[in-house]
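Undergrad: Mind looking over this structure? Questions follow.
The values are calculated or read from the model by the stated rules, or taken from the named source; none is laboratory data. These numbers were taken from a predicted model, which means no experiment stands behind them. Positions of Cβ are backbone-derived with ideal geometry, glycine not excepted, and every protein chain shown enters the neighbour counts.
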Amino acid sequence: MPKPTKGPRLGGGPAHERLMLANLAAALFTHKRITTTETKAKRMRPLAERLITFAKRGDLHARRRVLGVISDKGVVYELFDVIAPQVADRQGGYTRITKIGNRKGDNAPMAVIELVLEPVTPKRKAPAATKSPAAKEAEKAAKAAAEAEAVEQTTADETAVEAESNDAPQSEAAESEPAESEAVEAEATEEAAEAVEATDTDDESIDAGEDDAK
Amino acid sequence: MAVPKRKKSRSNTHSRRSQWKAQVPNLVKTVENGKVTYSLPHHAKVVEDSAGTPLFLEYKGRKVADV
């Protein structure tokens, strides 16, 4: 089901738009490749692909429905008996739009819309798909490990800096002693220190406790 | 006929005109035969021969249109 278009109609009204799109589609089916503005190409694409779907169905009812849009029987014959067999293997995506820059006269963005009539080349995605998730997981694991190491290093650096900002003997103790004894030392100095410094050492001891947890 | 009641000040005129700016196009840088070329993304490119005359438009290795 094509998505309904946003914005105003092309041309002067709904009927004008229908006629323009039908004529563009007819031109596409006769010439296989037409140059038009980007907007018209994009608007015409769903209609043209729908008509090709009808053509692939190929029965009389489908032919009459297409004739309701394109009134030229010659074009409909071309669509049903020449184009439809060529795209029989293709599951949609019958047209290709390529932007080719702006028009000289009014600077309108132009595009080439063409029928994709090449035989379908099956995508060899199966081996690539099986490989890529494993590779992605490996990359993710490596990244996570690297990030974790970085976080640990930063926290350790922060605690070291905080310890240095405190009293000199305490910082020496923090640097020299292992992390487990650090908290004990901090508490000991906290008792000895004054009330102003007690808050700083308290924070430092909390940080040391976090370091212990890791 | 309706006419403006007040003269439009120079400040307002300049403020309006200062909003009219050129947009910088988003270009893709590619190196072809040791030559750096800039092109619009998702657009067909002009293929030139050695003399520099344009031959045709190409997109993803496919000839799209004549110049």
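Undergrad: For residues that are within 14 Å of chain A (Cβ to nearest Cβ) and of a type in the set (G, A, S), tally how many sit in the range B:23-42.
TA: Residues meeting the conditions: 1.
Undergrad: Given the conditions (1) under 19 Å from the mean Cα position of the chain (by Cα); (2) surrounded by 10 or more Cβ atoms within 10 Å (Cβ to Cβ), report the number of the one that B:P25 does not fulfil.
TA: Among (1) under 19 Å from the mean Cα position of the chain (by Cα); (2) surrounded by 10 or more Cβ atoms within 10 Å (Cβ to Cβ), the lone unmet condition for B:P25 is (2).
Undergrad: For the range A:1-33, which residues satisfy the criterion of being among the aliphatic types (A, V, I, L, M), in contact (Cβ under 8 Å) with a residue 12 or more places away in the chain and outside any helix (DSSP H, G or I)? Spell out how you get there, then give the answer.
TA: We begin by selecting, within the range A:1-33, every residue among the aliphatic types (A, V, I, L, M); these are A:1, A:10, A:15, A:19-22, A:24-28.
Right, trim to in contact (Cβ under 8 Å) with a residue 12 or more places away in the chain and you get A:10, A:20-22, A:24-26, A:28.
Passing the criteria: only A:L10.
Undergrad: Now for a separate question. Return the only residue of A:P85, A:P46 being loosely packed, with under 15 Cβ neighbours inside 10 Å, in a helix (DSSP H, G or I) and not basic (K, R). Quick ask: steps written out before the conclusion?
TA: On the way: A:P46 fails: loosely packed, with under 15 Cβ neighbours inside 10 Å.
Exactly one of A:P85, A:P46 is loosely packed, with under 15 Cβ neighbours inside 10 Å, in a helix (DSSP H, G or I) and not basic (K, R), namely A:P85.
Undergrad: Do you know which residues across the range A:82-113 are among the acidic types (D, E) and closer than 21 Å to A:N23 by Cβ?
TA: Residues of the range A:82-113 among the acidic types (D, E): A:89, A:106.
Within the range A:82-113, just A:D106 meets the criteria.
Undergrad: OK, next. Please verify whether A:T36 is within 14 Å of another protein chain (Cβ to nearest Cβ) and either in contact with a helix residue (DSSP H, G or I) (Cβ under 8 Å, 6 or more places away or on another chain) or assigned to a helix (DSSP H, G or I) (or both), treating the condition exactly as stated.
TA: Answer is yes for this residue.
Undergrad: I need every pair where a residue in the range A:95-118 that is within 23 Å of A:L47 (Cβ to Cβ) and hydroxyl-bearing (S, T, Y) has its Cβ under 8 Å from the Cβ of a residue that is assigned to a loop (DSSP other than H, G, I, E, B) and modelled with pLDDT under 95, sequence separation at least 6 or different chains.
TA: That search, which allows pairs on different chains as well, returns A:T95/A:V116; A:T98/B:A44.
Undergrad: Report the residue count in the range B:8-32 for those that are without any contact (Cβ under 8 Å) to a residue 12 or more places away in the chain and either part of a helix (DSSP H, G or I) or within 17 Å of B:K60 (Cα to Cα) (or both).
TA: Qualifying residue count, the range B:8-32: 13.
Undergrad: Out of the residues in the range A:78-103 that are within 14 Å of another protein chain (Cβ to nearest Cβ) and under 20 Å from A:K123 (Cβ atoms), state the one that is nearest to the chain's Cα centre (by Cα).
TA: Among those that are within 14 Å of another protein chain (Cβ to nearest Cβ) and under 20 Å from A:K123 (Cβ atoms), it is A:R96.
Undergrad: Please count how many residues of the range B:1-51 are farther than 30 Å from A:K99 by Cα and not hydroxyl-bearing (S, T, Y).
TA: Counting residues in the range B:1-51 that are farther than 30 Å from A:K99 by Cα and not hydroxyl-bearing (S, T, Y) gives 13.
Undergrad: In addition: So which residues in the range A:18-41 are farther than 17 Å from A:A84 by Cβ and touching a Ser or Thr at 6+ places or on another chain (Cβ under 9 Å), if there are any at all?
TA: Those that are farther than 17 Å from A:A84 by Cβ and touching a Ser or Thr at 6+ places or on another chain (Cβ under 9 Å): A:A22, A:L24, A:A27, A:A41.
Undergrad: May I ask you to say which residue of B:K60, B:K45 is on the phi > 0 side of the Ramachandran plot and within 13 Å of chain A (Cβ to nearest Cβ)?
TA: Working: B:K45 fails: on the phi > 0 side of the Ramachandran plot.
Criteria check complete, one pass: B:K60.
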